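The block underneath contains the structure these notes are about, expressed in structure tokens.
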Amino acid sequence: MSPTQLLSTSISSTSSAFLAAPITFKARNQNVSMASKKPSICTCVAVPQEQKNVYTTQVSRNANIAKLQAGYLFPEVARRRNAHMLKYPDAKVISLGIGDTTEPIPEVITSAMSKARLLFRAEALSTLEGYSGYGNEQGEKPLRTAITSTFYGDLGIEDDDIFVSDGAKCDISRLQMVFGANLTMAVQDPSYPAYVDSSVIMGQTGQFQKDFEKYGKIEYMRCTPENGFFPDLSKVTRTDIIFFCSPNNPTGSAATREQLTRLVQFAKDNGSIIVFDSAYAMYMSDDNPRSIFEIPGAKEVALETSSFSKYAGFTGVRLGWTVVPKQLLYSDGFPVAKDFNRVICTSFNGASNICQAGGLACLSPEGLKAMSEVIGFYKENTNIIMDTFNSLGFNVYGGKNAPYVWVHFPGQSSWDVFSEILEKTHVVTTPGSGFGPAGEGFVRVSAFGHRENVLEACKRFKQLYK
């Protein structure tokens, strides 16, 4: 037997890459005198490193947060996009997934935030005369007045019904704080994930039911092409809170006046409160209500939340509002607005004064015109996307009244379709199942994108599905 067969080598057990590689030795051609001895096998044993002691507190994790499944939808989409970009570093990845605006904020608005002679402009903050510290938690009166006159002029809403905020998404969580854990809630299915996730965190729900892809104690109001994306209210169980978004994210559908009249009556019959999300109202093309308060009696059963995000490109600036009418009362007669005001004053110091200056400029005649032009641009993108998928033979929904196109892939998993589109076209979409179980088999395509990117994405869609 040669010396190489008897060679023992001492190797660190932590060098796993070294151990995994084949090892070869070259022996010299020479005579070696060895004592006669039976060869033995040398075995390398990995010795585990000393276990480190990790300090833990004696505070238990919030069991409600532990109920949440995986991560929030849009960060998960972003995670997969980033992983794809690492895999294909030279690919031009186009994002039509997360509903983030892409076009610049109109100059008439940004100038109000910096140089224009409007309330709380940025430059004034560097002067003794123009400096201001804390503002009103509910928002500055000029902006509240402008919101009232612009969106609710003849609907009986008053300035002090308006609460200016840093966005509708943030207000949804503050409203959940107002409502608390001991109530029931209903939500459109599919719908914006923040409604369900905030309910889970607040402790309003049961555990996630994997077989049904639903949380216990939530009433999922199924909205599909078969029912015109409006739930059959005769099959909906009574709940305390009803989340309703029109135009809807993600389906792009908009409720008619007759449908919202039925919803308000349903809430009255059941003593429920409607949380109406009108974040896309300015995208409405049809003669449908842009506010729930267009429906008689709505002020007694509904509040409304909205935002400048998708109108003026304020997704990063952060500015929105919530309307809580004085007529909206709890079962004991106490005004909901007073509790919401208490939560606002406790958890929020008010929207940035610079952002509020921008919001005020948005609602000037010049600002409204500029916002309409930006919205018109995105609606043109929507038409391009809809025409593309229609030409390929897909059933396509939404688009007309919202910046989202809802494309049906029957019999397929939404995440599988998302992955295939990303892998083969380098285009990011959003899987429909992330918005609720009724979204399975659909993909949402956002119209927020530069025109050249939308055209290129549609070209790739045609190459994939031709």
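Here the average projected area of the convex hull drawn through the C-alpha atoms of the chain stands at 34.9 nm².
Using 0.36 nm per residue and subtracting the Cα-Cα separation, the extra length available between Asp211 and Ser419 on full extension is 72.6 nm.
Screening the chain for whole DSSP H helices with an alpha carbon extent of at least 27 angstrom along the helix axis and a mean Kyte-Doolittle hydropathy of at least -1.0 yields 365-391. The aspartates and glutamates within cross-link reach of Lys268, meaning a Cα-to-Cα straight distance under 18 Å and a gap of 8 or more places when in the same chain, are Glu219, Asp232, Asp240, Glu258, Glu294, Glu300, Glu304, Asp332.
For segment 169-275, the fraction of C-alpha pairs farther apart than 17 angstrom is 51 percent. Accessible surface ranking for Ser413, Ser306, 1.4 angstrom probe, highest first: Ser413, Ser306. The Rg/Rh ratio for segment 81-190 is 1.09, where Rg is the radius of gyration of the alpha carbons and Rh is the Kirkwood radius. Each residue of segment 288-303 is assigned a 3J(HN,Hα), and the resulting list reads 9, x, 9, 9, 5, 6, 6, 8, x, x, 5, 5, 8, 9, 9, 10 Hz, derived from the Karplus form 6.51 cos²θ - 1.76 cosθ + 1.60 (θ = phi - 60°), x at Gly and Pro. In percent, rounded to a whole number, the relative contact order of segment 107-364 is 26, using alpha-carbon pairs under 8 Å and six or more apart. Ordering Phe244, Ser364, Ala63 by Cα displacement along the dipole of the chain toward the positive end leaves Ala63 in first place; charges were set at the Cβ atoms of Lys, Arg (+1) and Asp, Glu (-1).
For segment 233-391, the Cα gyration tensor yields ellipsoid semi-axes of 29, 24, 12 Å (square root of five times each eigenvalue, largest first, whole Å). Using alpha-carbon positions, what is the distance between the centroids of segment 293-319 and segment 172-237, in Å? Between the Cα centres of segment 293-319 and segment 172-237 lies a distance of 20 Å. Between the residues Ile384, Thr127, Gly97, the greatest Cα displacement towards the positive end of the dipole of the chain, with unit charges on the Cβ of Lys, Arg, Asp and Glu, is found for Gly97.
Bridgeable lysines around Lys52 (alpha carbons under 24 Å apart, same-chain partners fewer than 8 residues away excluded) are absent. Among Arg460, Arg61, the sequence by solvent-accessible area, most first, with a 1.4 Å probe is Arg61, Arg460. Put a dot 7 Å past the Cα of Tyr134, heading toward its Cβ, do the same for Phe334, and the two dots end up 2.3 nm apart.
With a 1.4 Å probe rolled over the protein heavy atoms of all chains, the accessible area of Thr315, Thr57 falls in the order Thr57, Thr315, largest first.
Here the 3J(HN,Hα) profile of segment 122-132, calculated from phi with Karplus coefficients 6.51, -1.76 and 1.60 at θ = phi - 60°, is 4, 4, 5, 5, 8, 10, 4, 6, x, 5, 8 Hz, Gly and Pro shown as x.
Partners of Lys400 within straight-line reach, counting lysines whose Cα lies under 18 Å from its Cα and excluding those fewer than 8 residues away in the same chain: Lys310, Lys379.
Taking all protein chains as they are arranged and a probe of 1.4 Å, the heavy atoms of Leu319 leave approximately 0 Å² accessible to solvent.
Exposure check, 1.4 Å probe, all protein chains in place: Asp287 carries approximately 130 Å² of accessible surface. Computed from the Cβ-Cβ distance with R0 of 41 Å, the FRET efficiency linking Asn53 to Asp100 stands at 0.40. If you bin all the Cα-Cα distances of segment 107-364 at 10 Å, starting from zero, the percentages per bin are 7, 30, 35, 19, 7, 1, 0.
Under a model in which nothing but the beta-carbon of Lys, Arg (+1) and Asp, Glu (-1) is charged, segment 107-364 shows a dipole of about 300 debye around its Cα centre.
The values are calculated or read from the model by the stated rules, or taken from the named source; none is laboratory data. Computed from a predicted model, the values in this text were never measured in an experiment. Because the Cβ atoms are built from the backbone with ideal geometry, glycine has one as well, and the counts that use them run over all protein chains shown. Ligands, DNA and RNA are stripped out before the accessible areas are found, and what is left, the full protein with its side chains, is counted by its heavy atoms. Shrake-Rupley method; radii C 1.70, N 1.55, O 1.52, S 1.80 Å.
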